Amino acid sequence: MPHKLLQLDARRITGWGTFHDLFSQLFGLPPNYPRTMNAWMNALFSLDDPAKALTSLQVSPGSMLILQLDNVDEFAEKCRPQYDAIIECIAMVNLRRLEAGAQPIVALAYFKN
């Protein structure tokens, strides 16, 4: 199955507001998305399950979303809580899926000096 690549210039994230604004747009989250990290993780958890989908962005079963973050050095320096949250929450989503007997759903790709 082909994977889906989503590229994001991480410099566009300047705080929690822009974090949730950008990911709402990229993932196609509904207007009533609560803008919390728990809701963000729940949305990622079901990217390959149309019946449970919280996003308009979907991947085929057996595929992964590859989230490519560009310009990570500047982002990590200026927005450390959001940088850490992306890494930790994607890891948690993948762990929860493994515990549920499913395959990981999101791969994170970036280069940091």
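Going residue by residue through segment 65-76, is there one that turns out to be surrounded by fewer than 19 Cβ atoms within 10 Å (Cβ to Cβ), within 11 Å of the chain's Cα centre (by Cα), at pLDDT 95 or above and more than 25 Å from PRO2 (Cα to Cα)? There is no residue in segment 65-76 that is surrounded by fewer than 19 Cβ atoms within 10 Å (Cβ to Cβ), within 11 Å of the chain's Cα centre (by Cα), at pLDDT 95 or above and more than 25 Å from PRO2 (Cα to Cα). Within segment 67-90, residues that are within 16 Å of LEU22 (Cα to Cα) and in contact (Cβ under 8 Å) with a residue 60 or more places away in the chain have Cβ atoms under 6 Å from residues that are surrounded by 15 or more Cβ atoms within 10 Å (Cβ to Cβ) and among the hydroxyl-bearing types (Ser, Thr, Tyr) in these pairs: LEU69/TYR110; VAL72/TYR110; PHE75/TYR83, counting only partners at least 6 apart in sequence or on another chain. Residues of segment 1-47 that are farther than 13 Å from ALA85 by Cβ, out of contact with any strand residue (DSSP E or B) (no Cβ under 9 Å at 6 or more places or on another chain) and assigned to a loop (DSSP other than H, G, I, E, B): MET1, PRO2, THR14, GLY28, LEU29, PRO30, PRO31, ASN32, TYR33, PRO34, SER46. If you go through segment 59-70 one residue at a time, do you hit one that is of a type in the set (A, V, I, L, M) and assigned to a helix (DSSP H, G or I)? Within segment 59-70 (the criterion being of a type in the set (A, V, I, L, M) and assigned to a helix (DSSP H, G or I)), the answer is no, since none of the residues qualifies. Is it the case that GLN103 is at negative phi, surrounded by 16 or more Cβ atoms within 10 Å (Cβ to Cβ), among the polar types (S, T, N, Q) and outside any helix (DSSP H, G or I)? Spelling it out, it is not the case that GLN103 is at negative phi, surrounded by 16 or more Cβ atoms within 10 Å (Cβ to Cβ), among the polar types (S, T, N, Q) and outside any helix (DSSP H, G or I).
The values are calculated or read from the model by the stated rules, or taken from the named source; none is laboratory data. Keep in mind the model is a prediction, meaning the values are calculated, not measured. Note that we place each Cβ from the backbone using ideal geometry, even for glycine, and neighbour counts take in every protein chain shown.
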